[in-house]
Amino acid sequence: MVESNSIRALIVGIGVQGERYAKAQQSEPDSEVVLFDTDHNKAHLIASKIGVQTAESFEESLDWANLIYICTPDHLHTEIAAKAIQQGKHVFCEKPLTTSLKNALYLQELVKKYKTSFIVGNLLRLTP
């Protein structure tokens with residue numbers, strides 16, 4: 001059973017970055033990782049490869065998690081992040097944060113209101 005002070009990480013989007021974050025998070029002590037992707041077959045394939053579980057529903061897995069990694073296509077970031085923040089979850093979002101300034105400001109207000117942590121990844125930021 002997972003203790004309340006452990007990390008329960010939900011990786012949303014299982015492309016190259018999602019798999020990398022899942023492996024990195026899995027190596028942390030007191031950490032449990034679950035993968036979610038709309039392509040359930042792909043999620044199951046990666047999960048079995050690295051030894052973690054998958055979720056069939058984003059909403060149900062969101063209830064379980066306390067840390068959300070968003071590794072989906074850019075246009076989906078705002079909707080997923082907003083749902084996570086409104087449930088008080090901490091969020092790590094792959095770049096770009098959003099596809100518009102309006103959405104970025106919206107997420108900023110949600111983070112203030114719900115007092116969560118929000119980090120944007122800048123991996124390979126200067127790589128051609």
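Tabulated values for the structure
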read-out	value
Three semi-axes of the equivalent ellipsoid, the chain, Cα gyration tensor, whole Å, largest first	22, 18, 14
Inter-site label distance for residue 58 and residue 113 at 7 Å from Cα along Cβ, in nm	1.9
Cross-link table 23/115; 23/89; 23/102; 95/115, entries beyond 23 Å C-alpha to C-alpha	23/115; 23/102
Spin-label pair residue 30/residue 82, simplified geometry with 7 Å Cα→Cβ offset, distance in nm	3.4
Potential lengthening between residue 16 and residue 38 on full extension [0.36 nm per residue; Cα-Cα distance subtracted]	6.4 nm
Dipole magnitude of the chain about its Cα centre (Cβ charges: Lys, Arg +1; Asp, Glu -1), debye to nearest 20	500
Over the chain: helical MRE at 222 nm, DSSP H runs n ≥ 4 each giving -39500 (n - 2.57), nearest 500	-12500 deg cm²/dmol
GluC sites (Glu not before Pro) restricted to DSSP loop in the range 24-99 with at most 16 other C-beta within 10 Å	56
Cα→Cβ-extended label distance, 7 Å offset, between residue 7 and residue 106, nm	2.9
Portion, in percent, of the accessible area of the chain that falls on carbon or sulfur, probe 1.4 Å	54
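The values are calculated or read from the model by the stated rules, or taken from the named source; none is laboratory data. Only a predicted model underlies this, so the values are computations on that prediction, with no experimental measurement involved. Please note: Cβ atoms are built from the backbone with ideal geometry, for glycine as well, and neighbour counts cover all protein chains shown. Note: accessible area is taken over every heavy atom of the protein model, side chains too, but ligands, DNA and RNA are not part of it. Shrake-Rupley method; radii C 1.70, N 1.55, O 1.52, S 1.80 Å.
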